[in-house]
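The values are calculated or read from the model by the stated rules, or taken from the named source; none is laboratory data. As the structure is a computational prediction, the values presented were derived from the model and not from experiment. With ideal geometry, Cβ positions are generated from the backbone for all residues, glycine too; neighbour counts draw on all protein chains shown. Remember, those area values only see protein heavy atoms, side chains included, never the ligands or the DNA or RNA. Shrake-Rupley method; radii C 1.70, N 1.55, O 1.52, S 1.80 Å.
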Amino acid sequence: NFKEVSKVVRYQISYSDMRIGEEVFGTQMIFADSGFFDLFTYKLKHGSFADFHDKGKVFISDETAMKYFNREDVVGQPLTQIVLGKDGVRRPKEYIVGGVFEQLPDNSSFNFEVVTLFDNFWDINLDADQHETSWKRWTTLFLEINDPSSVTAVSQQLQNYIQPQNEAREDFKISSYYLENFDGMMKRNRAN
């Protein structure tokens, strides 16, 4: 909603079971908006970033490809997420590998093995009270603001969302929103 913001990416981390044939692997998975690979730099070893716009695709790290398939070039291979339903029954959610990226080092801000479109999160969500327009679930949000002089204006506009957040979460009241520069965030966090 803010003209000063050039890119917006939501990011939700989840731990999931993934199945290849009869093998099941515990996996660090994220759900992200289609602009994730536009905003953050990843080296794609196989596939095309254009396929990340397809809800039926997942992208996996090269290390995960080796763990799951015993080879790296696995574009087009099926991958099944095992989803626990509200009734306690585990059901499959099928994907096709759309790309294989180079795993980032362990000291990276992002440490995941599988990524798919954020819209897939709503397919596996167990809480009917938490939906795309709900304020009850917290999600990491990345904004790209090209003009540093616009940061204050965007921060001020974000304050309009305090009331909806506080009405949705009586147990977790906030007093303000603020923007944190991604560059150097980890270093600043460790200093506190």
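Quick notes on this one:
- Dipole of the chain [Lys/Arg +1, Asp/Glu -1 at C-beta], most positive-end residue of N1, G98, Q163: Q163
- Helical contribution to [θ] at 222 nm, DSSP H n ≥ 4, -39,500 (n - 2.57), averaged over the chain, rounded to 500: -5000 deg cm²/dmol
- Between I30, N111, L179, the Cα set farthest toward the positive side of the dipole of the chain (charges on each charged residue's Cβ, about the Cα centre) is that of L179.
- Cross-link table K43/K67; K7/K43; K43/K187; K93/K173; K57/K173; K3/K45, entries beyond 26 Å C-alpha to C-alpha: K93/K173; K57/K173; K3/K45
- Coupling constants for the stretch 23-38 follow from the phi torsions by the Karplus curve (6.51 cos²θ - 1.76 cosθ + 1.60, θ = phi - 60°), and in residue order they are 7, 10, 10, x, 9, 7, 10, 10, 10, 9, 5, 4, x, 3, 6, 7 Hz; glycine and proline get x.
- ³J(HN,Hα) computed for each position of the stretch 56-68 - Karplus, 6.51 cos²θ - 1.76 cosθ + 1.60, integer Hz, glycine/proline x: x, 10, 10, 10, 10, 6, 4, 5, 5, 4, 5, 5, 7
- Per residue value of the accessible surface for the chain (all protein chains in place, 1.4 Å probe), Å²: 59 Å²
- Only protein atoms count toward the accessible area here, which uses a 1.4 Å probe; on the chain, the carbon and sulfur part of that area reaches 48 percent.
- Extension gain from N70 to T139, taking 0.36 nm per residue of separation minus the Cα-Cα distance: 21.5 nm
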